[in-house]
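The values are calculated or read from the model by the stated rules, or taken from the named source; none is laboratory data. Just so we're clear, the structure is a prediction, and the values are computed from it rather than from any experiment. Glycine also receives a Cβ, built like all others from the backbone with ideal geometry; neighbour counts cover every protein chain displayed.
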Amino acid sequence: MPDSSPSLPPDRSETVFEDFKPAYDEKQALVEANRCLYCFDAPCQTACPTHIDIAGFIRKIATGNTRGSAKTILDSNILGMSCARVCPVEVLCVGECVHNHQDVPPIAIGKLQRYATDKALEEGWQFFEAGAPTGKRVALIGGGPASLAAAHQLRRYGHGVTIFEARERLGGLNTNGVAPYKLRADDALAEVDYVLAIGGIEVQTGVAVGGPGGSSFADLERDYDAIFLGIGLGADSVMKVPGADLAGIHGAVAFIEAFKTGTVDLEGVTHAAVIGGGNTAVDCVRELLGLGVPCVQMVYRGDEAGMSGYEHEWDEAKIEGAQAVWRAMPLAFEGAGRVAGVRCAALDDQKKPTGREFTVPAALVLLAIGQSKLGALVAGLPGIALNNGRIVVDEGGATGRSRYYAGGDCANGGKEVVNAVAEGKAAANTIHHHLTNGRE
């Protein structure tokens, strides 16, 4: 298989984490697969954004046809290995399993999918070939799941593709941002290599399209027949409050990337605070606990019932020792040179200040309050519309500008990896239709 990027340091901080959902062995997979009812109108398949034939791949596992199971999965979702680990199956496929209505534990669909796809990557099973060359070329900006899925599908059609990635490694958040107890960076890169193994996917890393030394959109329009925008999201949002420039305050996504692909020094940090109540905030709390910080508190302006983070993830975080400060609005960061605490205003159930203030001790603060949108990068291109910074596309991923398509976080605002895969593949199908039949 091709090598997609520079090697990762073996001593990176993420290696201390153990697998949150240990893999099935063959016997466990067979037992679980044989519990499935193989529903004809499987609601689990409808709930999956990539619409994998879930009943079909589980039946293949039950009959000992693991290779066929992997092919079924990867035909719909070429990033099926990572999605098996990172998908919130509890609110997608598993959440729709009919067993939920029968007082029976739902089928562990994610673990079965992992069993089959892990085997495919371990054995190097390749099920897809590049199509006959069409002479058409597509540029894909961004090297995350949306672009990888689109590139693979376009190669199956025979189109030439080039991925432009500003970082030195492909994979997007799979490599840089997913919690390591779900997916480690080395596993994400192994999957990237599996995708690239179809052949003919040119990769240019360290290249920021539109930036210094990078190609311009005019260059791409001259050299390519279509352009896919899979640029993801931008930098972590910041808080404009006093003390925001103190040492020890970091954007959540940037911090996660630092310890997934390198090392972080948390010596002496006994108290940490994570600002926010979404899934990234919950991940950060669990990660800091796993990295050895004794006291980690999530500071959120709402209450537990109103947090946007998944309930099942927060339940796991509490088991691991996570704490929360509810109905708290940060007013300032306190400290001399380095942050020592977060000054907060207490809020009532309408999220209005009560007049009471207090300080949450913290020698480390992570801001998990969202990321900036990158739509401004293409705002000057006539025909491309933005909605709150997101690139507006139709159901097939087409923008309002001829030959331009988009998918993933830059278009959906920040959904799951599986959504990015589905959108990238849909855009590839639309691009293929337009390249071969003319844009309607």
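When the residues of the range 368-392 are filtered to those that are free of Cβ contacts under 8 Å to residues at least 24 places away in the same chain and among the β-branched types (V, I, T), the one that is surrounded by the fewest Cβ atoms within 10 Å (Cβ to Cβ) is V392.
A quick yes/no check of all residues on (1) in contact with a Ser or Thr (Cβ under 7 Å, 6 or more places away or on another chain); (2) assigned to a loop (DSSP other than H, G, I, E, B):
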position	(1), (2)
T354	no, no
E357	no, no
V360	no, no
S372	yes, no
L381	no, yes
S402	no, yes
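When we screen R343, R338, R356 for residues that are in contact with a Phe, Trp or Tyr (Cβ under 8 Å, 6 or more places away or on another chain) and of a type in the set (K, R), the only hit is R343. Here is the figure for the range 225-235: residues that are touching a strand residue (DSSP E or B) at 6+ places or on another chain (Cβ under 7 Å) and buried (at least 20 other Cβ atoms within 10 Å of the Cβ) total 7.
I'd like to check something: does the range 348-365 contain any residue that is surrounded by 21 or more Cβ atoms within 10 Å (Cβ to Cβ), over 21 Å from the mean Cα position of the chain (by Cα), over 18 Å from V269 (Cα atoms) and not acidic (D, E)? The answer is no, given that none of the residues of the range 348-365 is surrounded by 21 or more Cβ atoms within 10 Å (Cβ to Cβ), over 21 Å from the mean Cα position of the chain (by Cα), over 18 Å from V269 (Cα atoms) and not acidic (D, E).
The residue pairs whose first member lies in the range 68-82 and is within 14 Å of H51 (Cα to Cα) and assigned by TED's automatic domain parsing to the domain that holds A426, whose second member is of a type in the set (G, A, S) and in a helix (DSSP H, G or I), and whose beta carbons are closer than 6 Å, counting only pairs six or more residues apart or on different chains, do not exist in this structure.
Of the helices (runs of 4 or more DSSP H) contained entirely in the range 182-285, those carrying at least 3 residues that are of a type outside the set (A, V, I, L, M, F, W, C) and farther than 23 Å from K136 by Cβ fall at 185-196, 252-261.
Every residue, every condition in (1) small (G, A, S); (2) within 25 Å of I319 (Cβ to Cβ); (3) not assigned by TED's automatic domain parsing to the domain that holds G172, yes or no:
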residue: K240; (1), (2), (3): no, no, yes
residue: A247; (1), (2), (3): yes, no, yes
residue: H250; (1), (2), (3): no, no, yes
residue: V264; (1), (2), (3): no, yes, yes
residue: A273; (1), (2), (3): yes, yes, yes
residue: T280; (1), (2), (3): no, yes, yes
residue: E287; (1), (2), (3): no, yes, yes
residue: V296; (1), (2), (3): no, yes, yes
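Regarding L8, is this residue within 26 Å of I163 (Cα to Cα), outside the structural domain of A258 (by TED's automatic domain parsing) and not polar (S, T, N, Q)? So L8 fits the description; yes. Looking at I275, I249, I256, I198, just one residue is farther than 22 Å from A322 by Cβ and either among the hydrophobic types (A, V, I, L, M, F, W, C) or buried (at least 18 other Cβ atoms within 10 Å of the Cβ) (or both), and that residue is I198.
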